[in-house]
Amino acid sequence: MRRLPLWTVLAALAGTSPARGELTGAARGANETCTDGVRNGPEADIDCGGDCRACGFARTCTGASDCESGLCASGRCEERILRRGASVPTGYDLARSRHDAAASVRFAGALFFGVAFGGAYVVAVAMPRRASDLYVPIVGPWLALDDYRNPLNKTLLASDGALQAGGAILLLAGILGAGRRLVRIEDENAEMVVGRPRRPRWIAFDGTGVSGRF
């Protein structure tokens, strides 16, 4: 039978629990924090895991508790996708998946639309009188067709309009078809444990949205 240290037993009797760093036996130096940009103390990766905030996708982990998804596979944090019809486990919240097929579709759509509209916008700035229609996304190139008689110009405008429209469709499809991933709800009370540094506030960009923790 494993014998627990006296301080662990006393902490349990007092209704508190030691920090995760203490449980692993790792200790922090006086100047080591969860925001110093260096992997130190009980951290699994740089400034995450251990007694810091949970690690995101593909970050190094030593166990499920190091990952915001609660899934550590082969030493790396993986997304934990919620299967259709399944209920959300206790202690987890839902967020849009960033690494499923829909995320790739969103990226491709944003790339196509951005490149096509960016090119049209540059032309509109260079020729404001003849190409002012190009300031309008998606429909602008089609509106500008009547202002040009050169077949090559018409082909370029039609191609740009098609690329913008295709990019917008892919972006919308990626948003609507996005999967949902499970994210552990951090225990705010645990941050008040003596000897455990408070997790920093942070903001994360999630696909086409923004999420924050305060």
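Answer yes or no as to whether R80 is among the basic types (K, R) and at pLDDT below 85. The answer is no for R80.
Could you say whether any residue in the stretch 124-143 is of a type in the set (V, I, T), in contact (Cβ under 8 Å) with a residue 60 or more places away in the chain and either under 28 Å from A103 (Cα atoms) or assigned to a helix (DSSP H, G or I) (or both)? Walk me through how you get there before you give the answer.
Looking only at the stretch 124-143, we keep the residues that are of a type in the set (V, I, T), and these are 125, 136, 138-139.
Applying the additional criterion that residues be in contact (Cβ under 8 Å) with a residue 60 or more places away in the chain yields none.
No - not one qualifying residue is present in the stretch 124-143.
Would you call D51 surrounded by 16 or more Cβ atoms within 10 Å (Cβ to Cβ), more than 30 Å from A173 (Cα to Cα), free of Cβ contacts under 8 Å to residues at least 40 places away in the same chain and not assigned by TED's automatic domain parsing to the domain that holds A158? Talk me through it step by step, then tell me what you get.
Values: surrounded by 16 or more Cβ atoms within 10 Å (Cβ to Cβ): yes; more than 30 Å from A173 (Cα to Cα): yes; free of Cβ contacts under 8 Å to residues at least 40 places away in the same chain: no; not assigned by TED's automatic domain parsing to the domain that holds A158: yes.
Taking the combined requirement at face value, the residue does not satisfy it.
Screening A103 with (1) modelled with pLDDT of 90 or more; (2) buried (at least 16 other Cβ atoms within 10 Å of the Cβ) gives one miss only, at (1). Residues in the stretch 145-165 that are basic (K, R) and assigned to a helix (DSSP H, G or I): K154 alone. The number of residues in the stretch 62-100 that are under 30 Å from G167 (Cα atoms) and touching a residue at least 60 places away in the same chain (Cβ under 8 Å) comes to 10.
Checked against the criteria, V105 does not count as in a loop (DSSP other than H, G, I, E, B) and in contact (Cβ under 8 Å) with a residue 24 or more places away in the chain.
The values are calculated or read from the model by the stated rules, or taken from the named source; none is laboratory data. A quick note: this is a predicted structure, and the numbers were derived from the prediction, not measured. All Cβ positions, even for glycine, are placed from backbone atoms using ideal geometry, and neighbour counts span all protein chains on display.
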